[in-house]
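**Student:** My questions will all concern the structure given below.
The values are calculated or read from the model by the stated rules, or taken from the named source; none is laboratory data. Just so it is clear, the structure is predicted and the values come from calculations on it, not from any experiment. Note: ideal-geometry Cβ built from the backbone for every residue, glycine included; neighbour counts use all protein chains shown. To get the accessible areas, we keep the full protein, side chains included, count just its heavy atoms, and leave off ligands, DNA and RNA. Shrake-Rupley method; radii C 1.70, N 1.55, O 1.52, S 1.80 Å.
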Amino acid sequence: MPSAAEVAWLIPVLPLIGAAITGLGLISFNRTVNRLRKPVAWLLISCVGAAAVLSFAVLAEQLGGAGPTEVLFNWASAGSFNLQMGFRVDALGAVMLALVTTIALLVMVYSDGYMAHDKGYVRFFTYLALFSSSMLGLVISPNLLEIYVFWELVGMCSYLLVGFWYDRDGAANAAQKAFVTNRVGDFGLLLGILGLFWATGSFGFEQIGSGLQSAVANGTVPGWAAVALCLFVFMGPMAKSAQFPLHVWLPDAMEGPTPISALIHAATMVAAGVFLVARLQPLYAPFPEVQATVAVIGTITLVLGASIALTQMDLKKGLAYSTVSQLGYMMLAMGCGAPVAGMFHLVTHAFFKAMLFLGSGSVIHAMEEVVGHEPVLAQDMRLMGGLRKFMPITASTFFIGCVAISGIPPLAGFWSKDEILGVAFGHFPLLWVAGFVTAGLTAFYMFRLYFLTFEGEFRGGDKAMAAQLMAAAGKGAPEHDVHGHHADHPHESGWQMAMPLVVLAVPSVLIGLLGVPWNSRFGLLLDRHEAIEAAEHFSWGEFLPLAGASVGISIAGITVAVLAYALHKLDLGTAVAGRFPAVNAFLANKWYLDAINDKLFVQGSRKLAKQVLDVDSKVVDGPAGPSSMP
């Protein structure tokens, strides 16, 4: 009987088969398949569930001490050139397989409730299955070229899902923005892949790492060219994992349905970039300049995301900028040469961020009963408040997520974030300062979200505020009573939406204990030698001051949020925004990066296109042009 690792190729294939069946059905028998909502949902959930079972079997084998498994076949050959494809399973891949399938399965169950009344229900589930399949294929890819194929499939699925409600201008524009921004990063990735093949003659991860190092040592490839190739490859993860300055697509991607926001932010699109950087550590490790660049970009990103999140009133966008910030922490770890720490934060963050996004979806779904299906109103925290008494399950799990991401022990976020800060303190003390301060900002803005949403008095009936928000968005009066009724207050979501929240709350609390620094089981799985060495050199005298400072600044951030938004003893609008209007405007306008991009690239490209059109019409097709010749 074959081992789980030997049949791991089935993990991406099973969801792909389900997506292909329903996709072909939609093309051939659209009306009939659209009526088969529940059978389609159960088919695709079963496919992803089977992939999850197989993924956990692979993980169990790795935990039992099994070595890497790689199966390759010649996909194309010409003379001495052979291009191999196949699949690879090791500890890093096993962790990602289990993570992706778990989050995808819970998101699909949740979507059965969230998308119940949507006319595109079947199409949405088909996209979800295809998205999961693409990410799983990326995880088991044995070389850079195969990763690039699945990398583009992940990008295509995110484009389809972000723009799922394509009849909304916001969703269509957000999908285009995500597509264009990721093309910039993917072009750099493709250049890097081709350049590395030129330099090393291989697409394999270890082979390009050792090959490039040898090429630099013997003078075949200049040092500057090797660094440039590494940075070209890093452009792909910069875009996929929303690193400055290619982060701008991620907050706008909130225009898609909330379940896909959870999947993108927790286990698929943004996780792909961090995973690839971890895979490419053999390539990056010999070049300190590349490592330092990755660390600096990660630090800028974590500060940027947290600072912009301070001013957000849209619940989903507040969480989106939180994700940008946490991805910055992961890249900081990678730049410090600590991929295990970065991957550990990726895993812990996936659980509590998926829970937070699904919790926000539960809130928005309930708010739509009160204010209608207008996102401007249903997602704005100024119309929320007091939801804890109406939605106790959602409020409790959201609170757990806030505590976890704030880095309060013993919840998951403390152990992973503290490990990153400890590594940064030893490698780049200045970057540690930025990460340390941002930990306090994270605690503040997350509890700001919690108090504005769940505590105080319910503000959903404030028609003056609703009209003001619609006017600010350039829209008319709010449209209530979409389904023929108008509730007085929100209600708790059904079991399909509540159950995944409760399930995700368990690892959000406990999974960090797998990475305690004196006995990191997570580290033993991914890098046994490094984990044993870390445990042997562990010192309470070094750990407690750094961990205590990290917890202290998080508690300080929570305290400020309590004073300002729970007890109303501190008016931050007067204390900060009023005294520093330029800073407030800078943050509210998202560091003006969207405005700069619009001016330089959007308006610039339109101006260039208009000039080319003028030349074409006045010169090429004009009186002296070819069309005027006999």
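**Student:** Sort 256-268, 404-416, 490-502, 543-555 by packing, meaning the average of other beta carbons within 10 Å per residue, with the highest value first. If you can, show how the numbers build up before the last one.
**Tutor:** Values: 256-268: 28.4, 404-416: 24.3, 490-502: 19.1, 543-555: 16.2.
Going by the mean number of other Cβ atoms within 10 Å, highest first, we get 256-268, 404-416, 490-502, 543-555.
**Student:** Okay, moving on. Return the whole-Å distance between the Cα centroid of the stretch 121-157 and the Cα centroid of the stretch 342-415.
**Tutor:** If you average the Cα positions of each part, the centres end up 27 Å apart.
**Student:** Something else: Report, in deg cm²/dmol and to the nearest 500, the calculated mean residue ellipticity at 222 nm for the chain, where each DSSP H run with n ≥ 4 adds -39500 (n - 2.57) and the sum is divided by the residue count. Working shown, then result.
**Tutor:** Numbers: 28 runs with 430 residues, N = 630.
Theoretical 222 nm ellipticity from helices: -22500 deg cm²/dmol.
**Student:** Go through the stretch 20-32 residue by residue and turn each phi into a ³J(HN,Hα) via Karplus (6.51, -1.76, 1.60, θ = phi - 60°); whole Hz please, and just put x for glycine and proline.
**Tutor:** For the stretch 20-32, the Karplus-derived couplings read 5, 4, 6, x, 5, x, 5, 6, 8, 9, 4, 5, 5 Hz, x marking Gly and Pro.
**Student:** Rolling a 1.4 Å sphere over the protein heavy atoms, what is the accessible area per residue of the chain, to the nearest Å²? Write out the running numbers ahead of the final one.
**Tutor:** Working: 25550 Å² over 630 residues.
Normalised by residue count, the accessible surface of the chain is 41 Å².
**Student:** List the residues, sorted by chain then number, that are 5 or more residues from Phe244 or on another chain and whose placed amide H is less than 5 Å from its amide H.
**Tutor:** Thr301
**Student:** While we're looking at this one, here's another question. May I ask you to order 390-399, 235-244, 18-27 by the average number of other C-beta atoms within 10 Å around their residues, highest value first? Present the calculation step by step, with values, prior to reporting the outcome.
**Tutor:** Values: 390-399: 20.9, 235-244: 28.2, 18-27: 18.1.
Output ranking for 390-399, 235-244, 18-27: 235-244, 390-399, 18-27.
**Student:** For the stretch 516-521, in order, what is each residue's ³J(HN,Hα) by Karplus, 6.51 cos²θ - 1.76 cosθ + 1.60 with θ = phi - 60°, in whole Hz (x at glycine and Pro)?
**Tutor:** 3J(HN,Hα) across the stretch 516-521, in whole Hz: 4, x, 7, 7, 7, 5.
**Student:** OK, next. Taking the Cα centre of the stretch 358-439 as origin, sum charge times position over the Cβ atoms of Lys and Arg (+1) and Asp and Glu (-1), and report the length of that vector in debye to the nearest 20.
**Tutor:** Details: 4 positive and 6 negative charges, 45 e Å.
Roughly 220 debye for the stretch 358-439.
**Student:** So what's the Cα pair-distance distribution over the chain, bin width 20 Å, in %?
**Tutor:** For the chain, the pair-distance distribution reads 19, 53, 25, 3, 0.
**Student:** OK, next. Given Cβ point charges of +1 (Lys, Arg) and -1 (Asp, Glu) and nothing else, what value in debye, to the nearest 20, does the dipole of the chain about its Cα centre take? Working shown, then result.
**Tutor:** Numbers: 33 positive and 40 negative charges, 165 e Å.
With Lys and Arg at +1 and Asp and Glu at -1, about 800 debye.
**Student:** Right, next: Three principal axis extents, largest first, for the C-alpha atoms of the stretch 138-262, in Å?
**Tutor:** Over the stretch 138-262, Cα extents along the principal axes are 57, 28, 19 Å.
**Student:** Starting from the 7 Å offset along Cα-to-Cβ, what nm value, one decimal, do you get for the label separation of Lys569 and Val615?
**Tutor:** In this crude spin-label approximation the distance works out to 6.7 nm.
**Student:** At 0.36 nm per residue, minus the direct Cα-Cα distance, what do Ala217 and Lys475 gain on full extension? Give it in nm, one decimal, please. Write out the running numbers ahead of the final one.
**Tutor:** Details: separation 258, 0.36 × 258 = 92.88 nm, distance 6.26 nm.
Once the chain is fully extended between Ala217 and Lys475, it gains 86.6 nm.
**Student:** What is the Cα centroid distance between the stretch 439-456 and the stretch 198-219, reported in whole angstrom?
**Tutor:** That distance is 48 Å.
**Student:** Cα centroids of the stretch 494-519 and the stretch 240-307: how far apart, whole angstrom?
**Tutor:** Spelled out, the Cα-based centre of one part sits 23 Å from the other.
**Student:** Considering amide H positions built from the backbone, and no H for Pro or chain starts, which residues 5 or more places from His373, or on another chain, come under 5 Å of its amide H?
**Tutor:** It is Val482, by chain and number.
**Student:** Hey, can you grab everything whose amide H is under 5 Å from the amide H of Leu280? Only 5+ residues off in sequence or another chain; H modelled, so Pro and N-termini drop out.
**Tutor:** none
**Student:** Sticking with this one: Would you mind telling me the share, in percent, of accessible area of the chain contributed by carbon and sulfur at probe 1.4 angstrom?
**Tutor:** Details: 17040 of 25550 Å².
Heavy-atom surface of the chain belonging to carbon and sulfur, 1.4 Å probe: 67 percent.
**Student:** Now, a different point. Could you order the peptides 556-568, 88-100, 353-365 from most to least packed, using the average number of other C-beta atoms within 10 Å per residue? If you can, show how the numbers build up before the last one.
**Tutor:** On the way: 556-568: 17.4, 88-100: 25.1, 353-365: 28.4.
In descending order of packing, they fall as 353-365, 88-100, 556-568.
**Student:** Work out from phi, with θ = phi - 60° and the Karplus expression 6.51 cos²θ - 1.76 cosθ + 1.60, the ³J(HN,Hα) of each residue of the stretch 261-270, listed in order in whole Hz, and give x for Gly and Pro.
**Tutor:** These are the phi-based 3J(HN,Hα) values: 4, 4, 5, 5, 7, 9, 9, 10, 3, 6 Hz.
**Student:** Starting from the Cα gyration tensor of the stretch 270-390, multiply each eigenvalue by 5, take the square root, and state the resulting semi-axes largest first in whole Å.
**Tutor:** On the way: eigenvalues 254, 39, 19 Å².
Over the Cα atoms of the stretch 270-390, the ellipsoid semi-axes are 36, 14, 10 Å.
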